[in-house]
Amino acid sequence: MPSALARLTGAGWFAVLARIVLTFAFWGSGLSKLLDFPGGVAEMAAYGLQPAVLFNIACIVTLLGGSALVILDRAAWLGLGALAVFTVLTLPIVHHFWSMTGEEAMIHFFFATEHVSLIGGLMVAAILSRGRQRAGSAPSVSGLAPAE
C-alpha cells in the first residue's frame, strides 16, 4: 500500500469519517422518522406494521442507537449487528421484489441488491472492529480504546 494511503487509512479521523459514511443511510433515516414523526408512522402503516407508532419508535431507536454505537466505536459489534438485522428485515417487509411485477419489481430488486451489499459492508466493519480489539488498537472518537 502506498505510504500516503497507509497514513490516510491509519488516521483516527479517517476511521470516524468512514463510520459516519457507512451509517449515513441509517442515521439519516432515523432522523427523518424522528423529525417527521407522523410521516414515519404513516410509512410504518403503509407497510402493514401495526401498531405503527411503536414500530416507528423501534425504528428510530434501532437506526439512531445502532449508528451511534458504530460511529462512537462503543460496542460497535452490537450497533453493526442491529443495523444488519434491520436491513435484512426490510427485504421481506418492503423490498419483496419476488412478489411484484414489471418496473416495480425491478426497482425493488435493485434496492434489495444494494441492501445485500450494505449488509456485507456492515459484516466487514464488524470483522475489522474485532481485529482492532484483538490487536488492542481500536481507535475511537476520542482516540482512546473503546469501552466494552
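The values are calculated or read from the model by the stated rules, or taken from the named source; none is laboratory data. Just so it is clear, the model here is predicted, and its values are computed rather than measured. With ideal geometry, Cβ positions are generated from the backbone for all residues, glycine too; neighbour counts draw on all protein chains shown.
Might you check whether a residue that is under 27 Å from Val116 (Cβ atoms) and of a type outside the set (Phe, Trp, Tyr) occurs anywhere in segment 2-9?
yes
Would you mind telling me which numbered condition in (1) closer than 23 Å to Gly131 by Cα; (2) free of Cβ contacts under 8 Å to residues at least 24 places away in the same chain; (3) not basic (Lys, Arg) Ile20 fails?
Status for Ile20: all satisfied but (2).
Quick one: is Ala105 modelled with pLDDT of 95 or more, in a helix (DSSP H, G or I) and among the small types (Gly, Ala, Ser)?
Values: modelled with pLDDT of 95 or more: yes; in a helix (DSSP H, G or I): yes; among the small types (Gly, Ala, Ser): yes.
So Ala105 passes the test.
Out of segment 19-28, which residues are assigned to a helix (DSSP H, G or I) and surrounded by 14 or more Cβ atoms within 10 Å (Cβ to Cβ)?
Listed by number, the residues that qualify are Arg19, Leu22, Ala25, Phe26, Trp27.
Can you tell me which condition Met1 does not meet? The list is (1) touching a residue at least 12 places away in the same chain (Cβ under 8 Å); (2) surrounded by fewer than 16 Cβ atoms within 10 Å (Cβ to Cβ), and all the others hold.
Answer for Met1: the failing condition is (1).
Each row is one residue, and each column tells you yes or no for (1) part of a helix (DSSP H, G or I); (2) closer than 25 Å to Ile127 by Cα; (3) in contact with a Lys or Arg (Cβ under 7 Å, 6 or more places away or on another chain).
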residue	(1), (2), (3)
Leu17	yes, yes, no
Gly30	yes, yes, no
Gly40	yes, no, yes
Ala45	yes, no, no
Gly48	no, no, no
Val53	yes, no, no
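Just give me the residues in segment 92-118 being hydroxyl-bearing (Ser, Thr, Tyr) and surrounded by 12 or more Cβ atoms within 10 Å (Cβ to Cβ), in sequence order.
The one that is hydroxyl-bearing (Ser, Thr, Tyr) and surrounded by 12 or more Cβ atoms within 10 Å (Cβ to Cβ): Thr113.
Scan segment 56-81 residue by residue and report those that are closer than 26 Å to Asp36 by Cβ and either surrounded by 24 or more Cβ atoms within 10 Å (Cβ to Cβ) or of a type outside the set (A, V, I, L, M) (or both).
Asn56, Cys59, Thr62, Leu63, Gly65, Gly66, Ser67, Val70, Gly79 - these are the residues of segment 56-81 that are closer than 26 Å to Asp36 by Cβ and either surrounded by 24 or more Cβ atoms within 10 Å (Cβ to Cβ) or of a type outside the set (A, V, I, L, M) (or both).
State whether one or more residues within segment 31-48 are in contact with an Asp or Glu (Cβ under 9 Å, 6 or more places away or on another chain), farther than 30 Å from Gln133 by Cα and among the basic types (Lys, Arg).
yes
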